[in-house]
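Student: After the structure tokens below, expect a handful of questions from me.
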Amino acid sequence: MVENNLFELLTYFVIYSFLGWIMESAVRSICEKKIINTGFLQGPFCPIYGCGAIIMILFLNNFNNVFILFMMSILILTIWEYIVGFFLEKIFKTKYWDYSDQKFNIQGRVCLTNSICWGILGVLFTKYIHPFIVSKLVYIDGMSLKIAIYIIISLCIIDSIVSSIKVLNIKSTLKKIEALNEQIKEKLQEIKHIERNRRSESNLSTVVDKMKLKRDRILRRLYRHVYRLKRAFPAINTSEFTEVLNKKIEFHKKKKEK
């Protein structure tokens, strides 16, 4: 019984993480008139919505009165948003969203406007969305569903680990790029001091070219990751993110000058 209940929650987590990603990506893409992949992960999932859905299933189903359900949705989901914002800031040393410019906000992590939206979503979810999803799940083969959910959960875990490591390693990757730049400068100085030995000069030039290729490859990968996160979370404002974005601008300028 416990295993079945746990699997049900995992199923709902996967479904609502995906639906949450669709909803937020669609809204942001329409508002900004360009396609945006919102969310921390590379894949099409926003775990904050999946966890929020589980919280609503566990704590809001017993409220039949719409007004009480609305108020409880505001309270519970606002607390959840605040907790997530707090821990993201502590772990990654930056804000992933910031409502400081909104009226009635608490430390920029939550605000009244969003809380009202959570209240409306809580009512719609409990009364209409979740019952509809439950009614459709009965038509899916149980074994096929289990295999699909376990595979997706495994991919989500891997995605979460990889995405977290990438963000936490931005600083060390920048240091690696700077170290390569220093090595390239040293090799270029060596080339300047070589006058007669053409073979040595040619070998050093080959080494420099390989180092430049390695540096540019690392920078492109890093830039793609940082740029995607910056588009998904415009509130991110760290020296590391700014440095990566500026390095890409410098890289493009040098290419044009050539």
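Bear in mind that the values in this text are calculations on the coordinates, not laboratory data. Since this is a predicted model, take the numbers as computed values, not measurements. Positions of Cβ are backbone-derived with ideal geometry, glycine not excepted, and every protein chain shown enters the neighbour counts.
Student: Taking the 0 to 90 degree range and rounding to the nearest ten, how far is the long axis of helix 66-92 tilted relative to the main principal axis of the chain, both from C-alpha atoms?
Tutor: Taking Cα atoms only, the helix is inclined about 20 degrees.
Student: Which listed residue (113, 75, 139) has the Cα farthest towards the positive end of the charge dipole for the chain, taking +1 on Lys and Arg C-beta and -1 on Asp and Glu C-beta about the Cα centre?
Tutor: Looking along the dipole axis, the top candidate is 113.
Student: Give the angle, between 0 and 90 degrees and rounded to the nearest 10, that separates the Cα long axis of helix 170-193 from the longest principal axis of the Cα atoms of the chain.
Tutor: 10 degrees
Student: Oh, and also: What full-extension length gain, to one decimal in nm, is calculated for residue 213 and residue 140 as 0.36 nm per residue of separation minus the Cα-Cα distance?
Tutor: 21.3 nm
Student: Among 217, 28, 231, determine the one that fluctuates most according to a GNM of the chain built with springs between C-alpha atoms less than 10 Å apart.
Tutor: Of 217, 28, 231, the most mobile in the Gaussian network model is 217.
Student: Could you work out [θ]222 nm for the chain from helices alone, using -39500 (n - 2.57) per DSSP H run of at least four and dividing by all its residues? Round to the nearest 500 deg cm²/dmol.
Tutor: For the chain, the value works out to -26500 deg cm²/dmol.
Student: If each of residue 151 and residue 89 carries a label point 7 Å out from its Cα toward its Cβ, how far apart are those two points in nm?
Tutor: 4.1 nm
Student: Which value, in debye to the nearest 20, describes the size of the charge dipole of the chain about its Cα centre when Lys and Arg Cβ atoms bear +1, Asp and Glu Cβ atoms bear -1, and nothing else is charged?
Tutor: 1660 debye
Student: What's the FRET efficiency of residue 171 with residue 235 using the Cβ-Cβ distance as r and R₀ = 25 Å, to the nearest 0.05?
Tutor: 0.80
Student: May I pose another question? Using the Karplus curve 6.51 cos²θ - 1.76 cosθ + 1.60 with θ = phi - 60°, what ³J(HN,Hα) values do you get for each residue of segment 10-16, in whole Hz, with x for Gly and Pro?
Tutor: 5, 4, 5, 4, 4, 4, 7
Student: Using label points projected 7 Å from each Cα along Cα→Cβ, tell me how many nm separate residue 205 and residue 22, to one decimal.
Tutor: In this crude label model, residue 205 to residue 22 measures out at 5.7 nm.
Student: Tilt of helix 142-168 relative to the longest C-alpha principal axis of the chain, in degrees (0 to 90, nearest 10)?
Tutor: Once rounded, the angle reads 40 degrees.
Student: Something else now. Would you look at the GNM of the chain, springs on alpha carbons closer than 10 Å, and say which of 163, 25, 154 moves the most?
Tutor: So, out of 163, 25, 154, the one fluctuating most is 154.
Student: OK, next. Over the chain, with a Gaussian network built from C-alpha contacts below 10 Å, which listed residue (53, 232, 148) shows the highest mean-square fluctuation?
Tutor: Among 53, 232, 148, the largest GNM mean-square fluctuation belongs to 148.
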